[in-house]
Amino acid sequence: MTSILTARWLLPITSPPIDGGAVAIENELILEIGNLQELQKRYPDASVRDFGNCAILPGLVNVHTHLELTVFRGRLEESHFQSWIRRLITLKAERLTTDDLMLSARLGCIESIRSGVTTLADTSDSSGPIIALIESGLRGSIFQEVFGPDELQAGSSLEGLKARLDAHAERLNSAGREAQNRITVGVSPHAPYSVSAKLYQAVARLALDQKLDVAIHAAESADEAALLRDGGGAFGESLHRREIRFDPPGCSTIGYFDRLGVLDTSPLLIHCVTIDESDIALMAAKKARVAHCPKSNAKFGHGVAPLNLLRQAGLPVGLGTDSAASNNNLDLIEEARFCSMIARAERKDAAVCSADEMLRMMTIDGARTLGIDHTIGSIEPGKQADLIVVDLNNPHNLPSYDPATAIIFSSSGRDVIMTMVAGRVLYSDGLVSSIDEKLVGEQILEIQNRL
Ligand SMILES: [Zn+2]
């Protein structure tokens, strides 16, 4: 069955906006784009849904989340990163069950669907996110986290990782082909202060052998840089207190990852705030990719990643919200506006990060960052029908002379009125169809009382 979606604006992203544009879809695929009259002539039997004064665009790609941490929104307002992490680990271990983490991930999926995200790259410890992703209908990569700052833990951490990967494979297997087409599994050796050199080497070898994608928190803070430089800073003190030996390599995070063979996996590097031009050259040579999380970096007071240098070097850079525990929402449109504003403020240049660039960053660049730009990220014939509709009729985004400007600088995820993944409508008429929102809301309040 062919159907046509039309609105005031169609934004294919990889070609110019079409005024009065329309997109014809069949099953999970985009058949054709053009104006409504043309498409109706070609597909006379197609059903037509006209959204009026709205914009149809490709689904948004959030390249870094922690869905299982959504329930910590507003709960961890520590003023120092290291104490934030410590509190997070304690609360997660002492007050939450596996089921709670799954509910938390469900809430993150609901928020994502409602705000127009159709693909996300999630780094997670528990099985909650993959279960929630399978049932939600969202597309994504699940990066299974692995920890172990003590070299002596390397063997057992690796075995634990393998067991979790097997469990994920089994889950996807029993979920069937439709879920397998949407979801891939990778690995995430968490960060230099939580993973030993030995474990990094072992995980890199595993990833290369098994062709697993890798995501790592990298060069996020000055404390991380100090740890690698001379073993100092808050992370150095913490490891010392716990009597965990750390031999500082005396170089940057990126240089350290190069020495350990981690860069040979062309990893998705999350944050990249404390990097310089030689790091960027190394990252480009190894075809690394970057998850840019400007709000999380700003909220922790870590700084601003050198987005312009990364892009000039040709590195794929996507936009990530990070978790609701550090953002405090998963709204990628808000993230894009913040990204543009802070880049302009920092560089004292209003020519950087235009609305068009931000639209590309949320869509096709994000897809490229995850290596799936041949199937998603733009509205083109043959690609997956991952589409969203942004309402431009609200007081805060009326009038809209230019759709990109209206979306990036005047709208938010709350203006999304329809979300579709692979031709399946996940959100329309104010309701998410794949998850029981009311039930999840009630269960989250119960967890809140415990937290
Ligand atoms: Zn993160």
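The values are calculated or read from the model by the stated rules, or taken from the named source; none is laboratory data. Keep in mind the model is a prediction, meaning the values are calculated, not measured. Neighbour counts run over all protein chains shown; Cβ positions are idealised from the backbone, glycine included.
There is at least one residue in the range 283-300 that is more than 16 Å from the ligand (Cβ to nearest atom), of a type in the set (A, V, I, L, M), under 20 Å from residue 363 (Cα atoms) and assigned by TED's automatic domain parsing to the domain that holds residue 105. Restricting 63, 23 to those that are in contact (Cβ under 8 Å) with a residue 60 or more places away in the chain and within 16 Å of the ligand (Cβ to nearest atom) reduces the list to 63. Can residue 151 be described as of a type in the set (Asp, Glu), at pLDDT 95 or above and crowded, with 17+ Cβ neighbours inside 10 Å? For residue 151, the condition - of a type in the set (Asp, Glu), at pLDDT 95 or above and crowded, with 17+ Cβ neighbours inside 10 Å - is not met.
Of the candidates 151, 145, 77, the single residue that is more than 20 Å from the chain's Cα centre (by Cα), farther than 25 Å from residue 449 by Cα and among the acidic types (Asp, Glu) is 151. Residues of the range 264-297 that are under 20 Å from the mean Cα position of the chain (by Cα), closer than 23 Å to residue 229 by Cα and of a type in the set (A, V, I, L, M): 268, 269, 270, 273, 283, 288, 290.
From the list 75, 49, exactly one residue is outside any helix (DSSP H, G or I), of a type in the set (D, E, K, R) and closer than 21 Å to residue 442 by Cα. Which is it?
Working: 49 fails: closer than 21 Å to residue 442 by Cα.
Answer to the check: 75.
Within the range 318-341, the residues that satisfy the criterion of being crowded, with 22+ Cβ neighbours inside 10 Å, of a type in the set (A, V, I, L, M) and away from the ligand (no atom under 16 Å from the Cβ) are 333, 336. The residues of the range 338-358 that are in contact with a helix residue (DSSP H, G or I) (Cβ under 6 Å, 6 or more places away or on another chain) and without any contact (Cβ under 8 Å) to a residue 24 or more places away in the chain amount to a single one, 350.
For every residue, the table says whether it meets (1) buried (at least 22 other Cβ atoms within 10 Å of the Cβ); (2) touching a Ser or Thr at 6+ places or on another chain (Cβ under 9 Å).
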site	(1), (2)
175	no, no
178	no, no
185	no, yes
197	no, no
200	yes, no
205	no, no
209	no, no
213	no, yes
217	yes, yes
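Scanning the range 338-384 for residues that are of a type in the set (A, V, I, L, M), in a loop (DSSP other than H, G, I, E, B) and more than 19 Å from the chain's Cα centre (by Cα) turns up 350, 351, 352, 379. When you check residue 57 against the structure, is it in a strand (DSSP E or B), buried (at least 24 other Cβ atoms within 10 Å of the Cβ) and away from the ligand (no atom under 16 Å from the Cβ), yes or no? Yes. Candidates 270, 275, 244, 280: the one that is assigned to a helix (DSSP H, G or I) and either in contact with a strand residue (DSSP E or B) (Cβ under 8 Å, 6 or more places away or on another chain) or assigned by TED's automatic domain parsing to the domain that holds residue 153 (or both) is 280. For the range 61-68, the count of residues that are under 26 Å from residue 181 (Cα atoms), of a type in the set (A, V, I, L, M) and assigned to a helix (DSSP H, G or I) is at least one. May I ask you to verify whether residue 111 is acidic (Asp, Glu), touching a residue at least 12 places away in the same chain (Cβ under 8 Å), surrounded by 14 or more Cβ atoms within 10 Å (Cβ to Cβ) and not in a helix (DSSP H, G or I)? The answer is no for residue 111.
Among the residues of the range 143-166, is there at least one that is in contact (Cβ under 8 Å) with a residue 24 or more places away in the chain and within 19 Å of residue 286 (Cβ to Cβ)? Within the range 143-166, one or more residues are in contact (Cβ under 8 Å) with a residue 24 or more places away in the chain and within 19 Å of residue 286 (Cβ to Cβ). With respect to the conditions (1) within 16 Å of the ligand (Cβ to nearest atom); (2) more than 22 Å from residue 397 (Cβ to Cβ); (3) of a type outside the set (S, T, N, Q), residue 374 falls short on a single one, namely (1). Only residues that are more than 16 Å from residue 370 (Cβ to Cβ) and away from the ligand (no atom under 15 Å from the Cβ) were counted across the range 105-129, and they come to 11.
In the range 294-314, the qualifying residues are those that are touching a Cys at 6+ places or on another chain (Cβ under 9 Å) and of a type outside the set (D, E, K, R), and the one that is surrounded by the most Cβ atoms within 10 Å (Cβ to Cβ) is 294.
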